[in-house]
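Reading through the structure tokens given below for one structure.
The values are calculated or read from the model by the stated rules, or taken from the named source; none is laboratory data. Predicted model, so just to flag it, every value in this text is computed and none were measured. As a convention, Cβ positions derive from the backbone with ideal geometry for all residues, glycine included, and neighbour counts pool all protein chains shown.
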Amino acid sequence: MKLDSKYFDSVRVRPDHVRPVEHAPTCQWKGCQLEGTHRAPRGRGLEGQYYLFCLDHVRQFNASYNYFEGMSNAEVEAYQKDSVIGHRPTWKAGANAWAHGTRHGGSNPDTAGRLNDPHAFFSWRSGRSRESQEARRPLKPLEAKALDSLNLPGTATQAEIKSRFKELVKRHHPDANGGDTRSEDKLREVIQAYNYLKQAGLA
């Protein structure tokens, strides 16, 4: 905007309200009457509380300040060690509340140390599936037919289905049967049945 513009002449700035001038508190150093504009910590256990000193006295205070004053060497070492982890509790591997059974049923020797897994999320690690813990749903007709194609009962587990599939593929593979067309048809049926069971979540 040009300084000689008519718009510049019409600009009006509202004057600030007159605020009382605030003076800083007096330095808390004994005998000092200067303004205390610099904070200095009061000490261990008084975090968040400060002295107010002038610049010269805050420098003098900081030069002689010792946070660990009154603590033994062992206490200082323990504090420094805990400060690495932010003074939060930690446990050795396998020694927390879940591991030694104090979180749930710690007084019961049968449940002590057992992992609390209400949704069977980790059941695969112990070789157990969700179906083994719950009642299996009724099979659909096509699922029963696919199991029948693999010569398996309706209660077959995933491991049994996979094992039987591998066995039948090896038995009916053209390389093992000299190109027998009946074996090829059976191999095709076995592969289709296994793929269907896999899509259904049974294999």
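Filter the stretch 40-85 for residues that are of a type in the set (Gly, Ala, Ser), outside any helix (DSSP H, G or I) and over 17 Å from Trp29 (Cα atoms) and give the result.
Hits for the stretch 40-85 are Gly45, Gly48, Gly70, Ser72.
As an exercise: evaluate Ser132 against (1) of a type in the set (Ser, Thr, Tyr); (2) at pLDDT 70 or above; (3) farther than 30 Å from Glu184 by Cβ and give the number of the one condition it does not meet.
If we test Ser132 against (1) of a type in the set (Ser, Thr, Tyr); (2) at pLDDT 70 or above; (3) farther than 30 Å from Glu184 by Cβ, just (2) comes out false.
Looking at the stretch 140-155 only, could you name the residues that are under 14 Å from Gly201 (Cα atoms) and in contact (Cβ under 8 Å) with a residue 40 or more places away in the chain?
Lys140, Leu142, Glu143, Ala146, Leu147
Filter the stretch 25-62 down to the residues that are among the polar types (S, T, N, Q) and more than 41 Å from the chain's Cα centre (by Cα), then identify the one that is surrounded by the fewest Cβ atoms within 10 Å (Cβ to Cβ).
Restricting to residues being among the polar types (S, T, N, Q) and more than 41 Å from the chain's Cα centre (by Cα), the top hit is Gln33.
So Val18 passes all but one of these: (1) hydrophobic (A, V, I, L, M, F, W, C); (2) modelled with pLDDT of 90 or more; (3) exposed (fewer than 10 other Cβ atoms within 10 Å of the Cβ). Which condition number does it fail?
With (1) hydrophobic (A, V, I, L, M, F, W, C); (2) modelled with pLDDT of 90 or more; (3) exposed (fewer than 10 other Cβ atoms within 10 Å of the Cβ) applied to Val18, the lone miss is (2).
Of (1) within 41 Å of the chain's Cα centre (by Cα); (2) in a helix (DSSP H, G or I), Arg188 satisfies all except one. Which?
(1)
May I ask you to list the residues in the stretch 172-190 that are touching a helix residue (DSSP H, G or I) at 6+ places or on another chain (Cβ under 8 Å) and free of Cβ contacts under 8 Å to residues at least 24 places away in the same chain?
Listed by number, the residues that qualify are His172, His173, Pro174, Ala176, Asn177, Asp180, Ser183, Glu184, Lys186, Leu187.
In the stretch 71-115, which residue that is among the hydrophobic types (A, V, I, L, M, F, W, C) and within 30 Å of Gly45 (Cβ to Cβ) is modelled with the lowest pLDDT?
Checked the stretch 71-115; the qualifying residue modelled with the lowest pLDDT is Ala97.
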